[in-house]
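The values are calculated or read from the model by the stated rules, or taken from the named source; none is laboratory data. Note that this is a predicted model, so its numbers are computed, not measured. A quick note on method: Cβ atoms are made from the backbone with ideal geometry, for glycine too, and the neighbour counts reach across all protein chains shown. These area figures cover heavy atoms from the full protein model, side chains too; ligands, DNA and RNA do not enter into them. Shrake-Rupley method; radii C 1.70, N 1.55, O 1.52, S 1.80 Å.
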Amino acid sequence: MSHTTTEPVASPSRESAPATIVGKTIGQAWLPFAALCLCFFVEMVDNTVLTIALPTMGRDLHASTTQLQWVTGAYSLMFGSLLLTSGSLADRFGRRRVLTVGLAGFGLVSALVWLVQDAGQLIALRAVMGMFAACMAPVTMSLVFRLFDDEKVRMRAISIMVIIGMSAMALGPVVAGGALESVSWHWLLFVNTPIAAFAILGLLYGVPKDTAEDLHTTPLDIPAALATMAAMGLGCYALTSGVDNGWTSPVTLACFVGAALAVVVFILRERRAAHPMIDLAVLTRPTVRGAALAQLGSSVAMMAAMFMLILHFQYALGWSPMKAGLGNLPFVVMMIVSSPVSEKLIARFGHRVTCMIATASVVLGTLVLAFGVEHGYWVLAVGMGLMAMGLRIIMTVCAVALIEAMPEDQTSMGTALNDVSQELGTSLGTAVVGTILAALVAKTLPDGLWSADFLESFFHGERVIYLVVAALVAVISGYGCNTLTNSRAADEH
């Protein structure tokens, strides 16, 4: 899954007031709006669809468990690392231009999937796809404001995009599972190519170019971007290296030290840079810091559950990809239908209490999953529902709270920070799950019918993963939610 969906939030920044408007209704701007919807669709469905095919890929490419988790992790890692950088590029060189380059690269690289012959090549391809996807994410929503001048029409358009994104999450695994019954897994990536081509046409012929007044002239903070990539990449790889090479091996220790140094370099650079990538002072605001932590913790839980449930259904239970996709429906459907719950809870309790309730729901759902690994599908379905409801509320409330707590002239950076927190959580969750699974079960899951002893070993590892994830969510998201406030004024003081 590439990154997760949040409720639309209007930005008062100057990005919201472009010089050119395409139409006053969605019908008048249907072509460029459809192109933006396709961009959002691809962003939402990519990792979700691919997760259902991991066992099939593993058998076809003879991939280890660690390699499988990096098929999705490499994409998320590159995506999250480059979000702030791509946002800066869009502000300087044009949002339509950056989005077009991202789409073109994404579609071209997806077509190269037919040349993949081993797991290493697939991981590399996914990493490059994540790089181009990062050019798309920060721009897609902002270009909606380029199309419509009426606030109600804008919100209606963004709501349609959100529905499309959530529907993609719900239907993607089922459609992908059905497709795998008759076609190669390569088609799940190749389908991005014609989608990207249509989206590019819609952008070029429907979305107006950026004007000079809309762009920045300040230089890019390249050292900060490189430091961010190094910190995330080395930190995540260190977790898997600990199992493969030993926790005290030179490679593992070097990765941990390198990640820590990269964080230090990033902080020092941002404090001294004339034009920093992000003003570190905003992180001292309780709601900004708390919302980012809550998003990070919830994303760890979401990735862990989706990754383990697919392995549970297809490997442990021997389900077909189609049936495994249907098995995940309680998770994604609950994320859709629980959207109104967050609004009611916020109206009654405010951001802080609402997110604490949601965190408790995620933790409880994860514990139910831990209990249900050996107690049948319907116990797992209850766990999925509880977890999904909590995740949906956290994603929505924390996104709104974070952006509202940002200074008026930095709301777009707030959106990018929200996305980075989610993608960092996804990458870390993938690495943690893969590491524990390899340590407690096996580095490569065997094909065919599992023995009773190996099945028991897998269930034990799965249970431990859910318990560890529940503890991480309780600590990280719980602390983050506890620091939330309900107003910008409270944060400023």
What's the local net charge at residue 437, with K and R +1, D and E -1, over the other residues with C-beta under 9 Å away? 0
To the nearest 10 square angstrom, how much accessible area does residue 184 have with a 1.4 angstrom probe? 40
Tell me the accessible surface of residue 195 in square angstrom (1.4 angstrom probe, heavy atoms of protein chains only), to the nearest ten. 30
Quick one: net charge of residue 97's neighbours, Cβ under 9 Å, K/R +1, D/E -1? +2
Output the direction-averaged projected area (hull surface divided by four) of the convex hull of the alpha-carbon atoms of segment 315-444, in nm². 9.6
Debye sum, Cα scatterers, segment 202-346, no solvent: what log₁₀ I/I(0) at q = 0.13, 0.15 1/Å? -1.03, -1.12
Reported to two decimal places, what Rg/Rh ratio describes segment 222-274 when computed on Cα atoms with Rh from the Kirkwood expression? 1.10
Order of exposure, largest accessible area first, which applies to 404, 462 with probe 1.4 Å: 404, 462
